[in-house]
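K.L.:
Would you mind keeping the following structure in view while I ask a few things?
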Amino acid sequence: MIAVLVFAGAALGAPLRYLTDRAVRRRWAGSLPWGTFLVNVAGSLLLGALTAATLPTPLFALLGTGFCGALTTYSTFSWETLRLTEEKAWSRAVLNAGMSVVAGVAAAFAGYALVAAVVTM
């Protein structure tokens, strides 16, 4: 049953990631992969919030593991950073990697802190 919930969450998260990335690329075509950055930071924020909410296992499997797992994408982030290094865009590759890791971890902490603060009120 848990696996079905993970699949269901992923079935929603993956298309949302793709559509968000496409929309961001249409609006802000630039030298950095902003679409991937956005979904990874948003997914990290949401996962931090879900963790603090201490959801029942089935709900966390659906939303945390399934949805957030499919929404965020370490493989695309890695590939895009590698692509920047292949283009010899060293500073952009380092900027992309650094911003993604720092912003993702900060977003997870922020989501956790926000929900933890509300829950303890």
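K.L.:
Return yes when L46 is touching a residue at least 40 places away in the same chain (Cβ under 8 Å), aliphatic (A, V, I, L, M) and crowded, with 19+ Cβ neighbours inside 10 Å and no when it is not. Give the steps one after another, and end with the answer.
P.N.:
Values: touching a residue at least 40 places away in the same chain (Cβ under 8 Å): yes; aliphatic (A, V, I, L, M): yes; crowded, with 19+ Cβ neighbours inside 10 Å: yes.
Against the criterion (touching a residue at least 40 places away in the same chain (Cβ under 8 Å), aliphatic (A, V, I, L, M) and crowded, with 19+ Cβ neighbours inside 10 Å), L46 qualifies.
K.L.:
Same structure, new question: Give, as residue ranges, the helices (runs of 4 or more DSSP H) completely inside region 1-79 that count at least 1 residues that are basic (K, R) and modelled with pLDDT under 95.
P.N.:
On the way: elements: 2-27, 34-52, 57-60.
Counting at least 1 such residues, we get 2-27.
K.L.:
Which one is surrounded by the fewest Cβ atoms within 10 Å (Cβ to Cβ), of the residues in region 94-121 that are among the β-branched types (V, I, T) and free of Cβ contacts under 8 Å to residues at least 12 places away in the same chain? First the steps, then the outcome.
P.N.:
The initial filter retains those residues of region 94-121 that are among the β-branched types (V, I, T), namely 94, 101-102, 105, 115, 118-120.
If we keep only those that are free of Cβ contacts under 8 Å to residues at least 12 places away in the same chain too, we end up with 94, 101-102, 118, 120.
Working: V94: 13, V101: 12, V102: 11, V118: 11, T120: 7.
So, considering only residues that are among the β-branched types (V, I, T) and free of Cβ contacts under 8 Å to residues at least 12 places away in the same chain, the one surrounded by the fewest Cβ atoms within 10 Å (Cβ to Cβ) is T120.
K.L.:
While we're here: Mind listing just one residue for me: the one in region 75-93 that is more than 15 Å from L16 (Cα to Cα) and touching a residue at least 12 places away in the same chain (Cβ under 8 Å) and, of those, farthest from the chain's Cα centre (by Cα)?
P.N.:
Per the criteria, the residue is A89.
K.L.:
Does region 80-93 hold any residues that are surrounded by fewer than 13 Cβ atoms within 10 Å (Cβ to Cβ) and not in a helix (DSSP H, G or I), and which are they? Even if it seems obvious, please write down each step before you answer.
P.N.:
Initially, region 80-93 is screened for residues surrounded by fewer than 13 Cβ atoms within 10 Å (Cβ to Cβ), giving 82, 86-88, 90-91.
Matches in region 80-93: E87, K88.
K.L.:
What number of residues within region 49-68 satisfy the criterion of being over 20 Å from A117 (Cβ atoms) and surrounded by fewer than 18 Cβ atoms within 10 Å (Cβ to Cβ)?
P.N.:
Here the count works out to 4.
The values are calculated or read from the model by the stated rules, or taken from the named source; none is laboratory data. Worth saying up front: this structure is predicted, and the values here are computed from it rather than measured. When we count neighbours, we look across all protein chains shown, and the Cβ atoms used for this are built from the backbone with ideal geometry, even at glycine.
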